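**Q** The structure under discussion is supplied below as structure tokens; questions concerning it will follow.
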Amino acid sequence: MSATVDFAQLVMAAGDAIVVSDAQGAITLWNPAAERMFGFAEGEALGQSLDIIIPERQRQRHWDGYANTMRTGQTRYGSDVLRVPALHKDGHALSIAFTVALLTAPDGTVTGIVAIIRDESSRWAEERKLRRRLSELESTSP
């Protein structure tokens, strides 16, 4: 017996941020986990450019890749996890990891991107601390 899935409920209940953007990079879906992660309420995020969460120094690279994905209909981040810096509404930096899925029209044209995002800031900080400690131990060993 198969259960029907209420996709709206799934998106709202997901622990990971789910962000959908249109072909121009405007946010069209922003779930509660995205609110918690990035600090922007849904009403503040919808219709805004993804620039609200992309650090300025990363924007050109992001938009170059985004345009290429829209043009070619291909991305390697459907299965490979992308780890990048991001911004919280209050300006503090986040380390996020995400995968994407492409949304397409019936003719195959890419109409948007779904990103499933996890905040890995604490894991990143812990790894950095461990690397620093390992370096210290290696420099003091005979």
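The values are calculated or read from the model by the stated rules, or taken from the named source; none is laboratory data. If you're wondering where the values come from, they're calculated on a predicted model, not measured in any experiment. Cβ placement follows ideal geometry from the backbone for every residue including glycine, while neighbour counts extend to all protein chains displayed. We work out accessible area using only protein heavy atoms, side chains counted, and drop any ligands, DNA or RNA first. Shrake-Rupley method; radii C 1.70, N 1.55, O 1.52, S 1.80 Å.
**Q** Under a crude label model (7 Å from the Cα following the beta-carbon direction), how far is residue 7 from residue 92 in nanometres?
**A** 3.5 nm
**Q** Another question, if that's okay. For the chain, what is the accessible area per residue in Å² when the probe is 1.4 Å? Could the numbers behind the result be given before it?
**A** Working: 9190 Å² over 142 residues.
Result: 65 Å² per residue.
**Q** May I ask you to give the percent of accessible area on region 1-141 that is carbon plus sulfur, with a probe radius of 1.4 Å?
**A** Numbers: 4890 of 9020 Å².
About 54 percent, which is the carbon plus sulfur part of the accessible surface.
**Q** Still on this structure, I have one more. Helix 59-72: angle to the longest alpha-carbon principal axis of the chain, degrees 0 to 90, nearest 10?
**A** 40 degrees
**Q** Which one, 19, 67, 8, is farthest towards the positive end of the dipole of the chain when Lys and Arg carry +1 and Asp and Glu -1 on their Cβ?
**A** Final value for the positive-end residue is 67.
**Q** Another question, then. Against the longest principal axis of the chain, how steep is helix 121-140, in degrees 0 to 90 to the nearest 10, with axes from Cα atoms?
**A** That works out to roughly 20 degrees.
**Q** Output needed for the chain: three equivalent-ellipsoid semi-axes, defined as square roots of 5 times the C-alpha gyration tensor eigenvalues, in descending order, whole Å. Spell out each step's value before the answer.
**A** Working: eigenvalues 193, 69, 56 Å².
Gyration-tensor ellipsoid for the chain: 31, 19, 17 Å.
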